[in-house]
Amino acid sequence: MKMISPSLLSADFGNLQRDIEMLNNSECDWLHVDVMDGIFVPNISFGQPVVKHIKKHARKPLDVHLMIMDPGRYVNDFKESGADILTVHYEACTHLDRTLHSIKDAGMKCGVVLNPHTPVVLLEDAVQICDVVLLMSVNPGFGGQKFIENTYNKVRQMKELCMRKNPSCLIEVDGGVNVDNAHKLYEAGADVLVAGNAVFKSQNPSQTIIELKR
Ligand code: DX5
Ligand code: ZN
């Protein structure tokens, strides 16, 4: 599959509705929403009230990436705010299995995110209940960082693991994705690419989304 989930972290927060409308009319598949708590990652972005407003205008599924400690505490809050897909970090969950089940029980698609240093093999068991796994290709916290090349290997390893344990699980990649590396990522086995700066800092965001899907 070739899907694009533009990251609203790089949108103009003063004109969020305008940027969401642009994405509604584009060929993107999901809207990627980055929630940061200033503890799990060094940056603070926004929380449920903003997600709720994004939901009011969005006509595509909200792919909410929680970069917060103990995300299990907020599963129902994000369901109420309008998340369709909720992903939590392996590194931020003590009871990952419980958290993933609570996301599913709340009626959302669930996923685990791995930081660049976390090996794919740790998902051997959890992948069986995941709808998506998200591989970070930068250290989370900021948009506009440089893509980590080892990600291609991790995507291939993840693809192999999914084929053995859960072939319908989607592989998503987040961080430093652009028109130069997108094709190679799809080739390695990625299904969904997150792109922040590549989309919002380009001259023609809708056209860039088309190019990222090619
Ligand atoms: C980083 C976030 C990303 C970020 C991607 O911590 O999880 O989703 O917005 O931005 P780019 O595509 O600019 O690296
Ligand atoms: Zn993200």
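Regarding N115, is this residue open to solvent by 20 Å² or more (accessible area, probe 1.4 Å), touching a strand residue (DSSP E or B) at 6+ places or on another chain (Cβ under 8 Å) and within 16 Å of ligand 2 (Cβ to nearest atom)?
No: the conditions fail for N115.
Within the stretch 4-43, which residues are open to solvent by 20 Å² or more (accessible area, probe 1.4 Å), more than 14 Å from ligand 2 (Cβ to nearest atom) and touching a residue at least 60 places away in the same chain (Cβ under 8 Å)?
D12, M22, N25, E27, D29, P42
If I ask for residues that are open to solvent by 10 Å² or more (accessible area, probe 1.4 Å) and of a type outside the set (A, V, I, L, M, F, W, C), which ones from the stretch 83-106 would you list?
Once the filter is applied, which keeps residues that are open to solvent by 10 Å² or more (accessible area, probe 1.4 Å) and of a type outside the set (A, V, I, L, M, F, W, C), the stretch 83-106 yields D84, Y90, E91, T94, H95, D97, R98, T99, H101, S102, K104, D105.
Among residues belonging to the stretch 44-80 that are among the polar types (S, T, N, Q) and more than 22 Å from I4 (Cα to Cα), point out the one that is most open to solvent (accessible area, probe 1.4 Å).
For the stretch 44-80, the residue satisfying everything is N76.
In the stretch 124-214, which helices (runs of 4 or more DSSP H) lie fully inside it and hold 1 or more residues that are more than 16 Å from ligand 2 (Cβ to nearest atom), out of contact with any helix residue (DSSP H, G or I) (no Cβ under 6 Å at 6 or more places or on another chain) and among the charged types (D, E, K, R)?
Fully inside the stretch 124-214 and qualifying: 151-165, 182-188, 205-213.
Can you tell which of K165, K109, K146 is surrounded by fewer than 19 Cβ atoms within 10 Å (Cβ to Cβ), within 16 Å of ligand 1 (Cβ to nearest atom) and at negative phi?
Going through K165, K109, K146 in turn, the sole match is K146.
The values are calculated or read from the model by the stated rules, or taken from the named source; none is laboratory data. Everything numeric in this text was worked out from a predicted model, so none of it was measured. Here the Cβ is made from the backbone with ideal geometry for all residues, glycine too, and neighbour counts use every protein chain on show. Ligands, DNA and RNA are excluded from the accessible area calculation, which covers all protein heavy atoms including side chains. Shrake-Rupley method; radii C 1.70, N 1.55, O 1.52, S 1.80 Å.
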